[in-house]
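The values are calculated or read from the model by the stated rules, or taken from the named source; none is laboratory data. Predicted model, so just to flag it, every value in this text is computed and none were measured. Cβ atoms come from the backbone with ideal geometry, glycine included; neighbour counts cover every protein chain shown. Ligands, DNA and RNA are stripped out before the accessible areas are found, and what is left, the full protein with its side chains, is counted by its heavy atoms. Shrake-Rupley method; radii C 1.70, N 1.55, O 1.52, S 1.80 Å.
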Amino acid sequence: PADPGQALALTDQAYHLSRAALGSLRGGETLVRSLSFASKAEEYRYELDRNDSHRMLVSLLLKEKRDAPGIDALVRGFLDKSASLRESAAGKAGQGDYDSAVKLLEDSTRELVRAIRSAGIFIPG
């Protein structure tokens, strides 16, 4: 569809249908995937990539929604906090404190999820 709103609605419908189909295929069991990393530095790189992916989602999903009165200010607050946390994470990683860096990146990504949800779009996370 040429209309981004209609495309988003169709994507959302496809997501929910897929989720329901997978749930029935698994007989209602929840699938859990455990991640293991060779080092905290590797985990930091994974979280950095995950954060980048969520930043991209903000750009894609909220492009038009941020034009609505009040939404941009709300979203911007979450984005500013996310950016600050990410910057702190980079500083900790630069000092070799990957434990703290990973935690800060996780917090940064959580703020991005909040930004998306605050604009009325549900994403898991």
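General remarks:
- Of the candidates LEU62, LEU79, LEU25, LEU85, the single residue that is at pLDDT below 95 and within 21 Å of GLY125 (Cα to Cα) is LEU62.
- The numbered conditions (1) open to solvent by less than 100 Å² (accessible area, probe 1.4 Å); (2) in contact (Cβ under 8 Å) with a residue 24 or more places away in the chain are all true for TYR46 except (2).
- In the range 54-79, the residues that are surrounded by 12 or more Cβ atoms within 10 Å (Cβ to Cβ), of a type in the set (Gly, Ala, Ser) and not in a loop (DSSP other than H, G, I, E, B): GLY77
- The lone criterion from (1) under 21 Å from ILE121 (Cβ atoms); (2) surrounded by 10 or more Cβ atoms within 10 Å (Cβ to Cβ); (3) over 17 Å from the mean Cα position of the chain (by Cα) left unmet by SER100 is number (1).
- Members of the range 103-125 that are open to solvent by less than 50 Å² (accessible area, probe 1.4 Å), over 18 Å from ASP49 (Cβ atoms) and not in a helix (DSSP H, G or I): ALA119, ILE121
- Within the range 88-97, being touching a Leu at 6+ places or on another chain (Cβ under 9 Å) and either at pLDDT below 95 or open to solvent by 40 Å² or more (accessible area, probe 1.4 Å) (or both) holds for SER88, ALA90, LYS92.
- So SER88, is it over 28 Å from TYR15 (Cα atoms), in a helix (DSSP H, G or I) and of a type in the set (S, T, N, Q): yes
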